[in-house]
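J.: Sending over a structure as structure tokens; questions will come in a sec.
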Amino acid sequence: MHTPQTDGRLLKGELRRQELIEATLQVVAREGVAGVSHRAVAREANQPATAAAYYFKSIDDLLTAALTVCMDQDAERMRLLAEKADGSPEGLTALADLLRDVVSGPGRLLAEYELYLLAARRPELRTSTGHWLDAIAGYAHRYTKDPVRVQVFKGVIDGLLLQGLLTDTPPTAAEFEAVLRHVLL
């Protein structure tokens, strides 16, 4: 049986690309979308100054890749939680814990919301934000089939996360869970 060989250059290139995306998120968290340049991202990733421009032809390409990665990761996390949710009050605890963890280290969340809001101005970015919203709805469907409650839940999740960024003391898991119970049960 022949085992296909993996080209080390392709793996190295993909690793560099991922490092540049992570660096983009760090720059956005620190300086906002306006602070993103090929040079700033390459510097943040400890890569040659030309690396970001090599892998991402434009800043829009870089921002799109960063948003897509974030939304795909967040959607996958939500899907995994939904698979485990059983519709019981206790099933909301894992989501409340996740929300607490996300707002307790707000750097990445801040970067995600900066990029998320960019999708409001750029319709081409809405595919990845749609994945996130679909995953939230999928979670809600474990508790209700009422489309209005599902819509409310989607708004509540985004609102809770955004409010967590705007407070000096982020909500606790118990506080998140109380809101989730109120909305879904």
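The values are calculated or read from the model by the stated rules, or taken from the named source; none is laboratory data. Being a predicted model, the structure only gives us computed values, none of them experimental. Neighbour counts are summed over all protein chains in view; Cβ atoms, including those assigned to glycine, are modelled from backbone coordinates with ideal geometry. Ligands, DNA and RNA are excluded from the accessible area calculation, which covers all protein heavy atoms including side chains. Shrake-Rupley method; radii C 1.70, N 1.55, O 1.52, S 1.80 Å.
J.: From the list L99, L92, L109, which one is open to solvent by less than 50 Å² (accessible area, probe 1.4 Å), closer than 26 Å to E177 by Cβ, in a helix (DSSP H, G or I) and touching a Phe, Trp or Tyr at 6+ places or on another chain (Cβ under 7 Å)?
T.: So the residue among L99, L92, L109 that is open to solvent by less than 50 Å² (accessible area, probe 1.4 Å), closer than 26 Å to E177 by Cβ, in a helix (DSSP H, G or I) and touching a Phe, Trp or Tyr at 6+ places or on another chain (Cβ under 7 Å) is L99.
J.: Looking only at residues that are open to solvent by 20 Å² or more (accessible area, probe 1.4 Å), in a helix (DSSP H, G or I) and not polar (S, T, N, Q) in the stretch 119-129, which one is nearest to L166 (Cα to Cα)?
T.: For the stretch 119-129, the residue satisfying everything is A120.
J.: Could you identify the single residue in T68, T129, T144, T64 that is of a type in the set (S, T, N, Q) and more than 13 Å from the chain's Cα centre (by Cα)?
T.: Exactly one residue qualifies, and that residue is T144.
J.: Looking at A75, A119 in this structure, which one is modelled with pLDDT under 95, among the small types (G, A, S) and touching a Leu at 6+ places or on another chain (Cβ under 9 Å)?
T.: Answer to the check: A119.
J.: Does P147 count as loosely packed, with under 14 Cβ neighbours inside 10 Å, at pLDDT 95 or above and of a type outside the set (D, E, K, R)?
T.: Here the answer is yes, as P147 does meet what is asked.
J.: Going through the stretch 150-177 one residue at a time, which ones are surrounded by 19 or more Cβ atoms within 10 Å (Cβ to Cβ), at pLDDT below 95 and part of a helix (DSSP H, G or I)?
T.: Listed by number, the list holds a single entry, G164.
J.: Where the second residue is crowded, with 22+ Cβ neighbours inside 10 Å and in a helix (DSSP H, G or I) and the first is on the phi > 0 side of the Ramachandran plot and lies in the stretch 21-35, which pairs have Cβ atoms under 7 Å and are six or more apart or on separate chains?
T.: Here the result reads none, with nothing in the stretch 21-35 linked to a residue that is crowded, with 22+ Cβ neighbours inside 10 Å and in a helix (DSSP H, G or I).
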